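Here is the structure we will look at, set down as structure tokens.
Coordinate-derived values only; no laboratory data. Just so you know, these numbers come straight off a predicted model, no measurement behind them. As a convention, Cβ positions derive from the backbone with ideal geometry for all residues, glycine included, and neighbour counts pool all protein chains shown.
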Amino acid sequence: MHKKAKVVPQPKVNPQQHAKMAEDMKQRLKVEELAENIDELEDVVEDVFPLLMITVIISSLILVIFLIRMYIRYSVNNPSKNRMDGRTVLITGGTSGLGKATAVELAKRNARVIITGRDLVKAEAIARNIRKKTGNQQVNAVHLDLGSLRNIRDFADDFSKSEKFLHVLINNAAYMGPKSVTDDGLERTLAVNYLGHFYLTHLLTDKLKKNAPSRIINVISDTYVRGKIDFDDLALNKGYSVYGAYTRSKLAQVMFMLECHRRLFSSCVWSFGVHPGACNTELLRNYPGMMGNILRVISRVMFKSPEDGCQTIVYCAVSDGLREFSGKIFSNCKALKPSDKVKDKDVAKKLWNVSAQLCGFKDETPPEEAAAPAPSTEEKKEQ
């Protein structure tokens, strides 16, 4: 007979203990799964982190550039709606950039606009374009090379004979580029930006006085505060830099503007300096080297348009109530206080006398401290 297998009794499992064991098992599985997920996440982060950081950096740079661009391009529209019927405006460098944009705006206000340029064919084409665009047939072009004192004299003679009126003179033309000299042997940046306008203004002063109240507007730059004038080295033989030559010419322009105010205010000829801001014009076209290429790209992306930049120039040309602001610098249609750097009257007088000698005439009109004469009938109308 076979013996029956002995049955070993199974221990009874407490249901609560079984449930606890199952729960412990689940927790261990969850921990193991979580650890695996963390490992996978760490691998992903290691792969993606450099790209993520690059994205953050690029995004931050784009935001910074955008904010800087907004700051540089900030401008206000000319609040004055005045028209210029019956008034004549002469604009140097009117074939492009700020000069052209200013000519368009003034032509829209029915001014008689005369633009100048070294290339007469180009200037006449621009004048035709402005006439067509604005419907104002009183827009003309004439040849003027501010780098030639003889040409400036000839221009002023012809202008005085052919034009009966001149109410606003806008000294806008500018050069910025490598060191070179004019036909007169003068350093080109100072000659074009300052001395040419100095001589032109001198030759047209009588015309401005006869048509008073009239205005002289010098398009300057806030970089004038970094300029230095060495009367012993006007040719910059001791060292030339494009930026240094430009800031020097703008400093001379501001001092010239203040001296015009002192000398001509009593004749109801008012003088203003206008800082249009950084504008995308052809000023940088001659800037040499890699820096020039970089600046030209930056100007296209970051700088304000000539149409925005010219608003303050137009404001100073047409707005009422500016008599008391003669001798001031304007930016975004608001008067600014000139830097103390340009308030030395002895230096300004010396600059004027040296400039007169370079232009070949003797200064016979010593400056008088500007006083506020009683406004004339025409001034009262304008105010």
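A few points about this structure:
- Between 0 and 90°, nearest 10: helix 289-302 axis offset from the chain longest Cα axis: 80
- Helix-derived mean residue ellipticity, 222 nm - over the chain, DSSP H n ≥ 4, -39500 (n - 2.57), to 500: -16000 deg cm²/dmol
- Exposure proxy order (Cβ contacts within 10 Å, fewest to most) of 188, 153: 153, 188
- For a label point 7 Å along the Cα-to-beta-carbon line of residue 233, residues of segment 334-348 with backbone N under 12 Å: none
- Sequence ranges 225-236, 246-257, 52-63, 305-316, ranked by mean other-Cβ count within 10 angstrom, highest first: 246-257, 305-316, 225-236, 52-63
- Gain in span if fully extended, residue 131 to residue 285, counting 0.36 nm per residue against the direct Cα distance: 52.8 nm
- Fluctuation leader among 107, 173, 35 - the chain, Gaussian network, Cα springs under 10 angstrom: 35
- Simple label model, 7 Å out from Cα along Cβ direction - residue 163 to residue 63, nm: 5.2
- When the chain is treated as a Gaussian network with alpha carbon springs shorter than 10 Å, the biggest mean-square fluctuation among 362, 328, 207 belongs to 362.
- Highest-fluctuation residue, 191, 141, 356 considered, GNM on the chain with Cα pairs under 10 Å: 356
- Separation in nanometres of the label points that stand 7 Å from Cα toward Cβ, at residue 83 and residue 35: 8.9
- Axis of helix 97-108 versus longest Cα principal axis of the chain: the two differ by about 70°, to the nearest ten degrees.
- Classified by the C-alpha gyration tensor, segment 135-179 has an oblate form. Its axis ratio a/c, with a ≥ b ≥ c, is 1.5 or above, and a/b does not exceed b/c.
- Sequence-distant contacts, meaning Cα pairs under 8 Å at least 6 residues apart, place the relative contact order of the chain at 17 percent.
- Ranking of 51, 90 by neighbouring Cβ atoms within 10 Å, starting from the fewest: 51, 90.
- Convex hull volume per residue for the chain, taking Cα atoms only, in Å³: 291
- Stretch gain in nm, segment residue 48-residue 336, where the contour uses 0.36 nm per residue and the Cα spacing is subtracted: 98.5 nm
- Rounded, prolate or oblate (a/c below 1.5 giving rounded, otherwise prolate when a/b exceeds b/c) for segment 108-167 by Cα gyration tensor: oblate
- Fewest-first ranking of 287, 175, 240, using other Cβ atoms within 10 Å as the exposure measure: 240, 287, 175
- Per-residue Karplus couplings for segment 173-185, computed as 6.51 cos²θ - 1.76 cosθ + 1.60 with θ equal to phi - 60°, are listed in order as 4, 8, 10, 8, x, x, 5, 7, 10, 7, 4, 8, x Hz, Gly and Pro entered as x.
- Angle between the chain longest axis and helix 242-264 axis [Cα atoms, degrees, rounded to 10]: 50
- Amide H contacts of residue 330 (H built 1.01 Å from N, under 5 Å, at least 5 apart or other chain): 273, 274, 275, 336
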